[in-house]
Amino acid sequence: MEEWDLAVLGGGTAGIVAAKTAGRFGARVLLVESARTGGDCLWTGCVPSKSLIAAAHAAQSVRTADQYGVHTSPTTIDDAAVLAYVRSSITRIEPVDSPAAISAAGATVVAGRAEFTGPATLRVTDDAGTRLARFRWALIATGSAPALPTVPGLAQADPLTTDTLWDLTELPRRMAILGGGPIGCELGQALARLGVEVTLVELADRLLGKEEPEVGALIAERLRAEGVTVVTGTGVDRVTDGTLHLHGGETIEVDRILVAAGRRPRTTDLGLAAAGVRCDEQGHVVIDDRMRTSNRRIYAAGDVTGTLPFTHVAGVQGGYAATNALLGLRRRIDYAAVPWVTFTDPEVARVGATLAQARHRHGTRAHAQRLSHDHVDRAITDRRTDGFTQLVSGPGGRLLGATVVSPRAGESIAELAAAIRRGAKVRDVAGTVHPYPTYADGPWNASLAQLRADLTAPLPARATAALRALRRALHPIRSGNR
Ligand SMILES: Cc1cc2nc3c(=O)[nH]c(=O)nc-3n(C[C@H](O)[C@H](O)[C@H](O)COP(=O)(O)OP(=O)(O)OC[C@H]3O[C@@H](n4cnc5c(N)ncnc54)[C@H](O)[C@@H]3O)c2cc1C
Ligand SMILES: NC(=O)c1ccc[n+]([C@@H]2O[C@H](COP(=O)([O-])OP(=O)(O)OC[C@H]3O[C@@H](n4cnc5c(N)ncnc54)[C@H](O)[C@@H]3O)[C@@H](O)[C@H]2O)c1
């Protein structure tokens, strides 16, 4: 039977980073991938969606050029060319995630399905048959797949998911999207900008329910202004012949349905019971802060764990899991300082606690400083004052969380993540000089506003008055030119 230091199940971001890390340590590493290395991010997630968003952004820039005095002829969208552009981005990034690149880092890549047969053994099934392998450590990195809600008639309507959307050769004229989370909002806006008549249906009362409450309303308003029909607080009762029947009795006629209603972990048929690996009620593999499962030889990383389902988290978890297993280290992620971005326009960038979460923990000592981007010069020169920055602080002015809504908000959030990671205070952000005029003035101006507010509190105000009086006494104004 083959023997490996580390066996990796799944060749998405988590698996690839783990395999490359372990390979570079000189370990004997096996990576088994059942579909194509690169996983969700490369083939069906981040890369195609951000490319579609780039095309949609170009269309919108042309459409709104008039406001800057730039006059253009009506925009025409060439669906086939847009979709070819999306595929070209995948092709450009794919070599980094290819079997050749993973092998070059010292790991062995096998195309096949992996499943545990015991606490330290695997079965790998490929075209040639099955083989057994023994491992010292293993990493479960099998990711997640789109979840289909149980709506009568939905499955028969041949709904699209983000697994199949990218296979289209032309865009439908009318599309309903079920789910107003990051996928529904990002793709809903992009598809509408590319000429699709989009209806976005969200079961909950607001879009982007994990963000600060005002974010959902702001994004809904923006989507509506761009022609998207946004329906919140209602679901779909059934689907018949291209018609969605909503809870309230309203009907919507569409050509295609895109389901963006969350994801489920890929943990069935992995032999987890035989391996002694525990899952939670949703099927996510339960891990501790070192990414170890209930079987101490087996680690898990990425979407399959149900922690924060983002590529950057999957990669770091994969790298740390490999390091912890092979070198016996105790590397942990500081989840309170992990940022993420929803790539709508404006972007919604977030790190750490919302105000409600901070209040839950610190009561009235938690505080939010909010700044409208009406006060950010770059937003004014770009005519993009529709965003805001909110800094959430706790006892002693420590920064606990932040939300930035603006163009390029994703670029502004990293400094706030670094500040939270360092345990910095809002006044530390204020004390850092930022370049003018940038969208980073949002966080900076918010922190300065907080500092000004703090200085008007009774104690600092008295200290300032005392210092001012002392300085006046020491430096009297003299008459004449001496
Ligand atoms: C439309 C969309 C847009 C997104 N945009 C962003 C974004 O902008 N930024 C961001 O950070 N995140 C984004 N995400 C989330 C991101 O794609 C995921 O968090 C990330 O890809 C998870 O990586 P992973 O390695 O955990 O899983 P995956 O990438 O899903 O990889 C798992 C791999 O395991 C393989 N596998 C499964 N079972 C087996 C088995 N038994 N044996 C062998 N192989 C197996 C699968 O084929 C797959 O290749 C987006 C997701 C979607 C759907
Ligand atoms: N920019 C990014 O980082 C990015 C982009 C896209 C996706 N992702 C990740 O991918 C994952 C999946 O995204 P998602 O948007 O599918 O999931 P999600 O769970 O974040 O949102 C799904 C939404 O669908 C709604 N919903 C559920 N059932 C419904 C129904 N029957 N009808 C109408 N609405 C329904 C839910 O209330 C929820 O708001 C997320 O965890 C996200 O973090 C990240």
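Each residue in segment 150-160 was checked for being surrounded by 14 or more Cβ atoms within 10 Å (Cβ to Cβ) and away from ligand 1 (no atom under 16 Å from the Cβ), and 4 pass. A single entry from ILE90, ILE140 fulfils the requirement of being among the hydrophobic types (A, V, I, L, M, F, W, C) and not assigned by TED's automatic domain parsing to the domain that holds GLU33: ILE90.
Look at THR389 and say whether it is closer than 22 Å to THR311 by Cβ and surrounded by 22 or more Cβ atoms within 10 Å (Cβ to Cβ).
Values: closer than 22 Å to THR311 by Cβ: no; surrounded by 22 or more Cβ atoms within 10 Å (Cβ to Cβ): yes.
So THR389 does not fit the description; no.
I'd like the full set of residues that are more than 16 Å from ligand 2 (Cβ to nearest atom) and assigned to a loop (DSSP other than H, G, I, E, B), limited to segment 268-280.
Taking segment 268-280 and keeping what is more than 16 Å from ligand 2 (Cβ to nearest atom), we get 268-279.
Answer for segment 268-280, where residues must be more than 16 Å from ligand 2 (Cβ to nearest atom) and assigned to a loop (DSSP other than H, G, I, E, B): THR268, ASP269, LEU270, GLY271, GLY276, VAL277, ARG278.
The single condition from (1) near ligand 1 (Cβ under 10 Å from one of its atoms); (2) of a type in the set (D, E, K, R); (3) not in a loop (DSSP other than H, G, I, E, B) that ASP163 fails is (3).
In segment 427-438 there is no residue that is under 19 Å from PRO339 (Cα atoms), in contact with a strand residue (DSSP E or B) (Cβ under 6 Å, 6 or more places away or on another chain) and not in a loop (DSSP other than H, G, I, E, B).
The set of residues from segment 346-373 being within 16 Å of ligand 2 (Cβ to nearest atom) and surrounded by fewer than 20 Cβ atoms within 10 Å (Cβ to Cβ) is empty. For segment 57-72, the condition of being crowded, with 22+ Cβ neighbours inside 10 Å and either within 16 Å of ligand 2 (Cβ to nearest atom) or in the same structural domain as ILE16 (by TED's automatic domain parsing) (or both) holds for none of the residues.
Selection of segment 292-302 for residues being of a type outside the set (S, T, N, Q), away from ligand 2 (no atom under 13 Å from the Cβ) and in contact (Cβ under 8 Å) with a residue 60 or more places away in the chain yields ARG297, ILE298, TYR299, ALA300, ALA301.
Taking segment 267-279 as the search range and keeping residues that are buried (at least 20 other Cβ atoms within 10 Å of the Cβ) and closer than 14 Å to GLY10 by Cα, which one is nearest to the chain's Cα centre (by Cα)?
Residues of segment 267-279 that are buried (at least 20 other Cβ atoms within 10 Å of the Cβ), as a first pass: 267, 270, 272, 275, 277, 279.
Filter again for closer than 14 Å to GLY10 by Cα, leaving 267, 270.
Values: THR267: 22, LEU270: 27 Å.
This residue is THR267.
Of all the strands (runs of 3 or more DSSP E) wholly in segment 29-128, which have at least 1 residues that are touching a residue at least 40 places away in the same chain (Cβ under 8 Å) and in contact with a helix residue (DSSP H, G or I) (Cβ under 6 Å, 6 or more places away or on another chain)? Step through it out loud before you land on a result.
Details: elements: 29-33, 107-111, 113-118, 121-126.
Qualifying strands (runs of 3 or more DSSP E): 29-33, 107-111, 113-118.
The values are calculated or read from the model by the stated rules, or taken from the named source; none is laboratory data. Predicted model, so just to flag it, every value in this text is computed and none were measured. Here Cβ is always computed from backbone atoms with ideal geometry, including for glycine, and neighbour counts include all displayed protein chains.
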